[in-house]
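Enquirer: Starting off with a structure, shown below.
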Amino acid sequence: MRVSLAPAFILHRRPYGETSYLLDVLTEDHGRISLIAKGVRKSKSSHKAILQPFVPLLLSWQGKTELMTMTGAEANGAGLHLQGDCLLAAFYINEILNYLLLKQDPHPKLYTIYAHTLVELQTMPLQQRILRLFEKKLLEELGYGIWRNDFEADGFYRFYPESGFVRCADGIDTFSGKMLLDLALEKLEEEGLLKEAKRLMRVLFKPLLNGRELKSKELFI
């Protein structure tokens, strides 16, 4: 495979050998890929400054295996200015994408959603609505869209992995129809409902993460 100047964002980078980086990358047309960026840690490398998360890039690479070699990189616009809790939220998004996306499984719509979410996260303070809607859209892209428009606002629902949401009496592990309806319609605004939606996302993502602990959550704490 040989690809030239593909839109991309780096999800994670780590040192590889003495002078290189190993990059986990989200691309628009090729999904999540892994690249070796050879020699870029050298002081004279022109790529060192831009090969980091939250900088829109155009990347080139080649290779036949899951781990390919970067052959070129250039900025595709200015880096995004993220700070405080918004920066931590962006690291959380990167980490969960790195865990859940299969390699070389294209999600062009998700790439657009991701780029738009990063732009929203530039505005402080952190708005929990941004995270909840990203999580909802990510679940839909992964084939776990369980939202309906027929939730009853005054009802309560319990989630079962095998059958989805079932109406029931209110209880400790139930979710309000009002929250589920607002989330389905992407009109979630009320603080109490946002907290409830966060609890729901923990339930939905737990089996997908398969026991993995997210390091970004430790940073929030």
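Only the coordinates and a few stated rules stand behind these numbers; no lab work does. Keep in mind the model is a prediction, meaning the values are calculated, not measured. Every residue, glycine as well, gets a Cβ built from its backbone with ideal geometry; the counts of neighbours run over all protein chains shown.
Enquirer: Considering only DSSP beta bridges whose two residues both sit in the chain, what percent are antiparallel, to the nearest 5? Numbers along the way, then the final one.
Expert: Numbers: 33 of 37 bridges.
For the chain, the DSSP antiparallel bridge percentage is about 90.
Enquirer: Right, another one. Distance between the C-alpha centers of the stretch 75-116 and the stretch 24-39? Whole Å please.
Expert: First find each Cα centre; the distance between them is then 13 Å.
Enquirer: Could you let me know the centre-to-centre spacing of the stretch 149-196 and the stretch 43-72, using Cα atoms, in angstrom?
Expert: Going from one Cα centre to the other spans 43 Å.
Enquirer: Anything over 22 Å Cα to Cα? Flag those among LYS178/LYS198; LYS48/LYS109; LYS103/LYS137, in the order listed. Please report the intermediate quantities before stating the final value.
Expert: On the way: LYS178/LYS198 14 Å; LYS48/LYS109 29 Å; LYS103/LYS137 19 Å.
Distance filter (> 22 Å) returns LYS48/LYS109.
Enquirer: What is the pair-distance distribution P(r) of the chain, computed from all Cα-Cα distances in 5 Å bins starting at 0, with each bin given as a whole percent?
Expert: 1, 6, 14, 17, 17, 15, 11, 7, 5, 4, 2, 1, 0, 0
Enquirer: Something else: For LYS136, give me every one of the aspartates and glutamates with a C-alpha distance below 13 angstrom, ignoring sequence neighbours fewer than eight places off in its own chain.
Expert: Candidates past the 8-residue exclusion: ASP182, GLU186.
Enquirer: Here's something else I'd like to know. How high is the relative contact order of the stretch 2-75, in percent, counting Cα pairs under 8 Å that sit 6 or more residues apart?
Expert: Numbers: 174 pairs, mean separation 25.3, N = 74.
Contact order relative to length: 34 percent.
Enquirer: May I pose another question? Relative to the longest principal axis of the chain, what angle (0 to 90°, nearest 10) does the C-alpha long axis of helix 191-209 take?
Expert: The answer is roughly 60 degrees.
Enquirer: Something else about it: For the stretch 31-105, take the alpha-carbon Rg, divide it by the Kirkwood Rh, and send me Rg/Rh.
Expert: Values: Rg = 13.7 Å, Rh = 13.9 Å.
Using Cα coordinates only, the ratio equals 0.98.
Enquirer: Next question, about the same structure. Nearest 10 degrees is fine. How inclined is helix 128-141 to the longest principal axis of the chain, computing both from alpha carbons?
Expert: For 128-141 against the chain, the angle is about 80 degrees.
Enquirer: Can you pull out the GluC sites (Glu not before Pro) in the stretch 94-191 that DSSP calls coil and that have at most 10 other Cβ atoms within 10 Å?
Expert: Working: sites: GLU95, GLU120, GLU135, GLU140, GLU141, GLU152, GLU162, GLU186, GLU189, GLU190, GLU191; in loops: GLU152, GLU162, GLU186, GLU189, GLU190.
Passing sites in the stretch 94-191 are GLU162, GLU189.
Enquirer: Determine the relative contact order of the stretch 142-221: mean sequence separation of Cα pairs under 8 Å and six or more apart, normalised by residue count, in whole percent.
Expert: Details: 72 pairs, mean separation 18.7, N = 80.
Computed value for the stretch 142-221: 23 percent relative contact order.
Enquirer: With a/c under 1.5 counting as rounded, go ahead and sort the stretch 142-221 into rounded, prolate or oblate using the C-alpha gyration tensor (a ≥ b ≥ c being the square roots of the eigenvalues; past the cut-off, prolate if a/b is larger than b/c, else oblate).
Expert: On the way: a/c = 1.81, a/b = 1.45, b/c = 1.25.
Prolate is the answer for the stretch 142-221, as a/c is 1.5 or above and a/b outweighs b/c.
Enquirer: Determine the calculated [θ] at 222 nm for the chain from helices alone, applying -39500 (n - 2.57) to every DSSP H run no shorter than 4 residues and normalising by the residue count; nearest 500 deg cm²/dmol.
Expert: On the way: 6 runs with 77 residues, N = 221.
Mean residue ellipticity, 222 nm, calculated: -11000 deg cm²/dmol.
Enquirer: About its Cα centre, what dipole magnitude does the chain give when the only charges are +1 on Lys and Arg Cβ and -1 on Asp and Glu Cβ, stated in debye to the nearest 20?
Expert: Working: 29 positive and 27 negative charges, 208 e Å.
Roughly 1000 debye for the chain.
Enquirer: Mind sorting CYS86, CYS168 by how few other Cβ atoms lie within 10 Å of their own Cβ, fewest first?
Expert: On the way: CYS86 20, CYS168 12.
Going from least to most buried by this count: CYS168, CYS86.
Enquirer: Roughly what angle does helix 108-120 make with the longest principal axis of the chain, taking Cα atoms, 0 to 90 degrees, to the nearest 10?
Expert: Helix 108-120 sits roughly 80 degrees off the main axis of the chain.
Enquirer: In percent, what relative contact order does the chain have, based on Cα pairs under 8 Å that are 6 or more apart in sequence? Intermediate values should be presented prior to the final figure.
Expert: Values: 373 pairs, mean separation 35.8, N = 221.
The value is 16 percent.
Enquirer: Dipole of the stretch 142-221 (Lys/Arg Cβ +1, Asp/Glu Cβ -1, origin at the Cα centre): which of CYS168, LEU208, ALA197 lies farthest to the positive side?
Expert: Result: LEU208, furthest along the dipole toward the positive end.
Enquirer: Only sites in a loop by DSSP and with at most 14 other Cβ atoms within 10 Å count here; which trypsin sites (Lys or Arg not before Pro) in the stretch 53-148 make the cut? Each step should come with its number before you reach the end.
Expert: Numbers: sites: LYS64, LYS103, LYS109, ARG129, ARG132, LYS136, LYS137, ARG148; in loops: LYS64, ARG148.
Sparse-neighbourhood loop trypsin sites (Lys or Arg not before Pro): LYS64, ARG148.
Enquirer: So, one more: Note the full-extension length gain between MET124 and VAL203 as 0.36 nm times their separation in residues minus their Cα-Cα distance, in nm to one decimal.
Expert: Numbers: separation 79, 0.36 × 79 = 28.44 nm, distance 2.73 nm.
Separation in residues times 0.36 nm, less the Cα-Cα distance, equals 25.7 nm.
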